[in-house]
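The values are calculated or read from the model by the stated rules, or taken from the named source; none is laboratory data. Just so we're clear, the structure is a prediction, and the values are computed from it rather than from any experiment. Methodologically, a virtual Cβ is constructed for each residue, glycine included, from the backbone with ideal geometry; neighbour enumeration extends over all protein chains shown. These area figures cover heavy atoms from the full protein model, side chains too; ligands, DNA and RNA do not enter into them. Shrake-Rupley method; radii C 1.70, N 1.55, O 1.52, S 1.80 Å.
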Amino acid sequence: MDRNADAPWAQFDPEVYVDLNYRVPLEVDLLIVRLMRDHFGRCFAGGVPAPMRGVDVGAGANLYPGLAMLPWCEKMVLLEYAQPNVEYLERQTSPEGYDEAWDAFWNELGKAPAYAAVEPRTRFSEIVRVERANLLDLDGQRRWDIGTMFFVADSMSECPEEFRRGVRCFMDALTEGAPFAAAFMKESVGYQVGEHRYPAYRVNEDRVRESLEPFVSELEVHDLHHVVRPGHEGIILALGRRNSEIAVP
Ligand SMILES: C[S@@+](CC[C@H](N)C(=O)[O-])C[C@H]1O[C@@H](n2cnc3c(N)ncnc32)[C@H](O)[C@@H]1O
């Protein structure tokens, strides 16, 4: 069984990954972006309570979760383990601004008034910082007020304990009441990026619910039946807020 530490993360190719997944925006990603935008909009319908710090865990070569948090945050950090992805993200957050590939996702976000008021390229480079970090080392010492984790806990290991630990570490990184969005590939048997193969743990809606329920309130799980490549059966999007329970190690 491939564990997280066994996979070739140092060889992860972010440009190939963007070509495979995001260069041509897929309908399912645009749907996810709308669902996430509306979820965060509902959470802050009464306004943002205080300056908020956001986190995207395992950000990899995907900016849309971070873009979805942009209007609500004073500061944001993109945590990522694979060094080539860290470098990709550093380029995307530089003053030159992120690649045009991400405009399609912002266009969808910008249809809501809270987003339309933001100039995303400048703001992204001003408030977002990139940090190399291992999700499995997040131990609750640092917490953020809004967070996302897209295709990470399920797409980094074949090991059931590492999946559950990944979800728990993400939840432990959120403050009480923090809105979050997390996405999972349904029944994934692993994935190829260029010449390298990466592991996955097979999840379905029930497994996602079970793993999240101890930590969340107002959980909403969307079982999206879009298949984007061979080797999985859809996408599961979980939206909610962190509850007040302290996670048990
Ligand atoms: C399938 S990709 C998802 C990337 C991106 N979030 C997205 O939505 O496309 C899995 C990501 O998890 C990252 N990853 C793998 N193990 C990790 C770990 N232990 N801690 C943090 N990130 C990790 C990988 O480097 C990769 O960027």
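Numbers at a glance
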{"item": "Strands (runs of 3 or more DSSP E) enclosed by the stretch 44-134 - at least 3 residues per element that are open to solvent by 10 Å² or more (accessible area, probe 1.4 Å) and within 16 Å of the ligand (Cβ to nearest atom)", "result": "128-132"}
{"item": "Among (1) in contact with a helix residue (DSSP H, G or I) (Cβ under 8 Å, 6 or more places away or on another chain); (2) surrounded by fewer than 21 Cβ atoms within 10 Å (Cβ to Cβ); (3) over 18 Å from residue 43 (Cα atoms), the one test that residue 160 misses", "result": "(1)"}
{"item": "Single residue of 223, 154, 172 found to be within 16 Å of the chain's Cα centre (by Cα), more than 13 Å from the ligand (Cβ to nearest atom) and among the acidic types (Asp, Glu)", "result": "172"}
{"item": "One residue from 42, 53 being basic (Lys, Arg), touching an Asp or Glu at 6+ places or on another chain (Cβ under 7 Å) and within 17 Å of residue 145 (Cβ to Cβ)", "result": "53"}
{"item": "Residue 195 vs. criteria open to solvent by 10 Å² or more (accessible area, probe 1.4 Å) and within 14 Å of the ligand (Cβ to nearest atom)", "result": "no"}
{"item": "Tally of residues being farther than 20 Å from residue 155 by Cβ and within 15 Å of the chain's Cα centre (by Cα) across the stretch 1-47", "result": "5"}
{"item": "Subset of the stretch 3-43 (residues that are assigned to a helix (DSSP H, G or I), open to solvent by 90 Å² or more (accessible area, probe 1.4 Å), touching a residue at least 12 places away in the same chain (Cβ under 8 Å) and more than 22 Å from residue 111 (Cβ to Cβ))", "result": "6, 11, 20"}
{"item": "Enumeration of residues in the stretch 169-208 that are in a helix (DSSP H, G or I) and within 26 Å of residue 61 (Cα to Cα)", "result": "169, 170, 171, 172, 205, 207, 208"}
{"item": "Candidates 184, 215 - the one that is away from the ligand (no atom under 12 Å from the Cβ) and open to solvent by less than 50 Å² (accessible area, probe 1.4 Å)", "result": "215"}
